[in-house]
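S.K.: This structure is in structure tokens; I'll ask about it shortly.
The values are calculated or read from the model by the stated rules, or taken from the named source; none is laboratory data. None of these values were measured; they are calculated from a predicted model. All Cβ positions, glycine included, derive from the backbone under ideal geometry; neighbour counts span all protein chains shown. Ligands, DNA and RNA are stripped out before the accessible areas are found, and what is left, the full protein with its side chains, is counted by its heavy atoms. Shrake-Rupley method; radii C 1.70, N 1.55, O 1.52, S 1.80 Å.
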There are 2 protein chains.
Amino acid sequence: MTTEQIERGARARTRAAILDAAAALWARDFSAPFGAIAERAEVSRSTLHRYFADRQALVDALLVDSLDHLNGADPESASDEDPMDALERHLRAGIEIGDRVIFLFADPDRFAGNPNWPADDSSEGLTPLLDRARAEGAIAADIPNAWAENLFYAVLYTAAEVSAGDVPRHMAADLAVRSFRRSMAG
Amino acid sequence: MTTEQIERGARARTRAAILDAAAALWARDFSAPFGAIAERAEVSRSTLHRYFADRQALVDALLVDSLDHLNGADPESASDEDPMDALERHLRAGIEIGDRVIFLFADPDRFAGNPNWPADDSSEGLTPLLDRARAEGAIAADIPNAWAENLFYAVLYTAAEVSAGDVPRHMAADLAVRSFRRSMAG
DNA sequence: GCTAAATGCGACAGTGATGTCGCAGAATGG
DNA sequence: CCATTCTGCGACATCACTGTCGCATTTAGC
């Protein structure tokens, strides 16, 4: 390969395959060993180590990659958009990349202390959208953000879960949206 | 100790303490080592091994114990009880034993192939209650059991999760009940 | 076709968890 | 008070995963 920083072509594809494999396995079992990830990605363990020197490197890379997926799959909402519609888009986008989301949120303190993990101050994440939705009455006043946000990801998680079974993904997504909207209603 | 099968007294308490410790740790990290569980249970690793010969033995014991908790904490509903009320009692009972529930349902195929894991045939688990609730109109006709059941445990999981934080347990339970009932409404 | 990069294979030592012991002290029950 | 049981401590071999090599082979670029 050339000396450029940004990988592309075959190398980028291999890297993506490894991240996909890691997300798929670590979503279910965060203790899945490197060997299993390599096998799933159809690379040798040696190659995996050439892309990611150690476990921490792969965890970090998958963390930022998953966050990119989550944000990138869902363009920022216009400030005049209905916040509940924005949440719905965010939910549907998340279901499309289920493994990444499960990896991110399966264990709430998996990335505690990781500099790449977004701090959960009130200006980040879902909070502004939830606040706006509550101001509009789409979320009942007595539902705290902690519950709304956790339930959001639980519903997302469930949809990703169910669509791995016999419920088609689009149907799971519809059910998820419907369940979340009704859950939040006052 | 005598030769009786059923343990009681101090030995039963030690056993229960170990199971509690395992549930608490494994709920967050299933790869938590035996040493950590022993420490949390305030027993030596040797003693832990005297109660449960190997990891699999403890996993199995915790599985059946958690299922017992889940079912036992919730007396069978009278057949004339409103099915949605029965589900609510089941949900509230589950939240009381959050760690056990998280341990049971954090990874849907953690116990795949385990003979103690209830087969998901339609005559078991929540299915009869869900069917009755749907017949009464408390659950919309177009919500499949797969979604209802998975969402039930997701809501339960979320309540257990949130009540480990700054939301008091009774409030989390109320939010969970409310969210589930509204999610299912037609 | 030639060169350089990328990959697979196998080996290696290091590490942490596991499961098994024996022994000595503490707790328990008659 | 004595015998039995339970427990903690530390040692031990074993195992699986990890991270690092060197070398041979394949692949890709010019």
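S.K.: Take the alpha-carbon positions of the protein assembly as shown, form their convex hull, and give its projected area averaged over all directions (one quarter of the hull surface) in nm².
M.R.: With the hull built on Cα positions only, its mean projection is 22.1 nm².
S.K.: Rounded to the nearest 500, what is the protein assembly as shown's calculated 222 nm mean residue ellipticity when only DSSP H runs of at least 4 contribute -39500 (n - 2.57) each, over all residues?
M.R.: -20500 deg cm²/dmol
S.K.: Determine the per residue accessible area of the protein assembly as shown with all protein chains present and a 1.4 angstrom probe, expressed in square angstrom.
M.R.: 49 Å²
S.K.: Okay, next question. Using the alpha carbon gyration tensor of the range A:104-151, what are the three equivalent-ellipsoid semi-axes (square root of 5 times each eigenvalue), largest first, in whole Å?
M.R.: 24, 12, 7
S.K.: Placing the label point 7 Å from Cα along the Cα-to-Cβ direction, what are the distances from B:A140 to the equivalent spots in the other copies, shortest first, in nm to one decimal?
M.R.: 1.8
S.K.: Counting alpha carbon pairs within less than 8 Å and at least 6 residues apart, what relative contact order, in whole percent, applies to the range B:43-171?
M.R.: 28 percent
S.K.: Could you check how much of the accessible area of the protein assembly as shown is carbon and sulfur, as a whole percent, using a 1.4 Å probe?
M.R.: Of the solvent-accessible surface of the protein assembly as shown, carbon and sulfur hold 50 percent.
S.K.: Determine the shielding of peptide B:156-163 by partner chains: average, over its residues, the number of Cβ atoms on other chains within 10 angstrom of each Cβ.
M.R.: Neighbouring Cβ atoms belonging to other protein chains average 4 per residue here.
S.K.: Label B:V64 and B:D166 with points 7 Å out from Cα along Cα→Cβ: what is the distance between them in nm?
M.R.: That separation, rounded to one decimal, is 4.3 nm.
S.K.: May I ask you to derive the relative contact order of the range B:121-186, considering only C-alpha pairs under 8 Å and at least 6 residues apart, and to give it as an integer percent?
M.R.: With pairs under 8 Å counted, the relative contact order is 39 percent.
S.K.: Kindly give the distances from B:G113 to its copy-mates, label point to label point, with each label point 7 Å from Cα along Cα→Cβ, as nm values to one decimal ordered shortest first.
M.R.: Going from nearest to farthest copy, the values are 3.4 nm.
S.K.: Considering every Cα-Cα pair within the range A:49-186, what fraction, in whole percent, is farther apart than 25 Å?
M.R.: Tail of the P(r) past 25 Å holds 29 percent of the pairs.
S.K.: With θ set to phi - 60°, apply the Karplus curve 6.51 cos²θ - 1.76 cosθ + 1.60 along the range B:174-186 and write out the HN-Hα couplings as whole Hz, x wherever there is a Gly or Pro.
M.R.: Residue by residue, the range B:174-186 yields 4, 5, 5, 4, 4, 4, 5, 4, 5, 4, 7, 4, x Hz.
S.K.: Counting partner chain Cβ atoms within 10 Å of every residue's Cβ in B:166-178, what's the average?
M.R.: Taking the mean over all residues of the peptide, I get 3.
S.K.: Could you give the distance between the Cα centres of the range A:30-99 and the range B:92-147, to the whole Å?
M.R.: Using only Cα atoms to place each centre, the spacing works out to 29 Å.
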